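Notes for the one structure printed next.
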Amino acid sequence: MTAQKILLLVLDGISDRPCASLGGLTPLQAANTPNLDRFATEGITGIMDTIAPGIRPGSDTAHLSLLGYPPERYYTGRGPLEAEGSGIHMEPGMIGFRCNFATVDENSLITDRRAGRIHDTAALSAAIREGVDLSAYEVGFRFESGAGHRAALAFVGDLLGDRVTSNDPKKEGAEPLPVKPIGDAPADEKTAAVCNEFIRQSREILFDHPLNIERLEQGLPPANLLLIRGAGRMGHFEPFEERYDLSGSVISAATLISGIGMVVGLEHIPVPGTTGSVDSDLPAKVAATLRELERKDFVLLNIKGADEAGHDGKPEQKRDFIEVIDAALEPFAALDDTILVICGDHSTPCSVKDHSADPVPLVIRGEGVRTDRNWAFDEISCAEGGINRIRGLDLMPIVLDLINKAHKYGA
Ligand SMILES: O=C(O)[C@H](O)COP(=O)(O)O
Ligand SMILES: [Mg+2]
């Protein structure tokens, strides 16, 4: 029997570098992962540069590559993808941004780029929608909360450009930067001015919002500043179903990943109780994935929490969450008509607190797949596997071949 379906499970930021506090092991090596190891035993393993060796992938460009959409052709910035996944439909002419709720102190220094990984910013977003007025620029806007500290923004108006910088210095202890046009096009100058005005007004609204007063009383960092980045317009994506002759769904609490799925035409399946963080309801996600595989040919499932632990520089938390992931994956062992692909989108080493170019581990398991001698799913063991080392764009062709949907090159 040939497998008919594909489950692409992306363990976001799962891979790492050796951690001193884990005795020189990576969190994935240190974790007890019987299910992942079983998939490695039953399948074929390897490592993957989701973009190319030495290139540090963003989650956006990495996921585009994994889905077989070359980012150099399709990527128009993170903002529009994050916006689409946050429920803002990006019409032509709109400029989208990714935002962080962040904390600044009385000296205007950023003390936390994620406002203590705040959850539930709905009230703050409502206040911003209500209070910010950009009519002086004849610009409207949409603003929606995403998972955790994340949010998305889109400007609607004439003569807006998308070539502007970010106010995010990308580190704590620094002041927010002014947003500047890249070049001297009037449309980019206008967008930069609108960004700075949006940031100014939203900061005033957030400063004495009751939720922030409450957070201060509880000793929590207030979400009193928006960092905005990733300006862009929506690109054009060949629909996944036409490209591969596969129907598909995306399951992800991270709005960026749902947005990417949605723009290529995957159906977004929201799952209550999932947070994109280490407290997410993973069994609910796994159950939803199995339901989707009953009615669709392809499912993209993203599990985000290990990436957050990497960004926070917490090896023990990352190791422990990997064990939670592993336990939740047990039901996938029963998949028999599905090619199961498990990989990372990039490494997020705890020592770097950001993405690195270290390749990610990969396993492909299912009917007809050749196996190799590797029995463990981790960065080091997979490097000895039968897939060897591939790029993200190689993945879809390999998997399409395994379900006999590849086309012969030549006669
Ligand atoms: O978690 C995310 O959304 C990104 O991968 C990291 O973004 P941040 O550094 O702004 O939290
Ligand atoms: Mg990622």
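The values are calculated or read from the model by the stated rules, or taken from the named source; none is laboratory data. Everything numeric here is computed off the predicted structure, so don't read it as measured data. Using ideal geometry, Cβ is built from the backbone for each residue, glycine included, and neighbour counts are taken over all protein chains shown. Please note that ligands, DNA and RNA were not included when accessible areas were found on the heavy atoms of the full protein model with its side chains. Shrake-Rupley method; radii C 1.70, N 1.55, O 1.52, S 1.80 Å.
Long hydrophobic helices in the chain: the complete DSSP H runs spanning 15 Å or more by Cα along their own axis with mean Kyte-Doolittle hydropathy of at least -0.5 are 186-207, 282-295, 392-402.
Our estimate of slack between residue 72 and residue 354, defined as 0.36 nm per intervening residue step minus the Cα-Cα distance, is 99.3 nm. On the stretch 307-372, 42 percent of the accessible area sits on carbon and sulfur atoms, based on a 1.4 Å probe. Taking 7 Å steps out from each Cα toward its Cβ at residue 158 and residue 182 produces label points 2.7 nm apart. Using the Cβ-Cβ distance between residue 207 and residue 236 with R0 set to 35 Å, the FRET efficiency works out to roughly 0.30. Pairs exceeding a 32 Å alpha-carbon distance, out of 180/318; 353/405; 285/408; 304/405; 190/304: 180/318; 353/405; 285/408; 190/304.
Taking label points 7 Å from Cα along the Cα-to-Cβ direction, residue 334 and residue 91 give a separation of 4.7 nm. Would you work out if the stretch 87-170 is rounded, prolate or oblate? Take a ≥ b ≥ c from the square roots of the eigenvalues of the alpha-carbon gyration tensor; rounded if a/c is under 1.5, else prolate when a/b is larger than b/c, oblate otherwise. It is prolate, given that a/c is not under 1.5 and a/b is the larger ratio. Using R0 = 25 Å, the C-beta based FRET efficiency linking residue 106 and residue 312 works out to 0.50. Taking a ≥ b ≥ c as the square roots of the Cα gyration tensor eigenvalues, with a/c under 1.5 meaning rounded and otherwise prolate when a/b beats b/c, else oblate, which class fits the stretch 248-338? Note, shape of the stretch 248-338 comes out oblate. Placing +1 on each Lys and Arg Cβ and -1 on each Asp and Glu Cβ, with no other charges, gives the chain a dipole about its Cα centre of roughly 600 debye. Averaging Cα coordinates gives a centre for the stretch 51-104 and one for the stretch 128-145; these two points are 22 Å apart.
Put simply, the amide H of residue 350, placed in the peptide plane, has neighbours under 5 Å in 17, leaving out anything fewer than 5 places away on its chain. Pairs of C-alpha atoms in the chain farther apart than 31 Å represent 38 percent of all such pairs. With each label modelled as a point 7 angstrom along the Cα→C-beta vector, the residue 4-residue 295 pair spans 1.6 nm. A Förster radius of 30 Å combined with the Cβ-Cβ distance from residue 21 to residue 327 puts the calculated FRET efficiency at roughly 0.85. Most simply put, the chain has about 60% antiparallel DSSP beta bridges, counting only bridges with both residues inside it.
In the stretch 87-232, the portion of solvent-accessible area held by carbon and sulfur atoms comes to 52 percent [1.4 Å probe, whole percent, DNA, RNA and ligands not counted].
In whole Å, what is the distance between the alpha-carbon centres of the stretch 196-269 and the stretch 270-337? Centre-to-centre (Cα) distance: 20 Å. Rolling a 1.4 Å probe over the protein heavy atoms gives the chain an accessible area of 41 Å² per residue.
Accessible surface ranking for 75, 69, 409, 244, 1.4 angstrom probe, highest first: 409, 75, 244, 69. Among the GluC sites (Glu not before Pro) in the stretch 1-83, none sits in a DSSP loop with a Cβ that has at most 16 other Cβ atoms within 10 Å. Between residue 245 and residue 123, residue separation times 0.36 nm minus the direct Cα-Cα distance comes to 39.7 nm. P(r) tail for the stretch 64-203, what percent of Cα pairs lie past 17 Å? Cα-Cα pairs of the stretch 64-203 separated by over 17 Å account for 63 percent. Under a model in which nothing but the beta-carbon of Lys, Arg (+1) and Asp, Glu (-1) is charged, the stretch 87-232 shows a dipole of about 520 debye around its Cα centre. Taking 0.36 nm per residue of separation and subtracting the current Cα-Cα distance, fully stretching the chain between residue 138 and residue 52 would add 26.7 nm.
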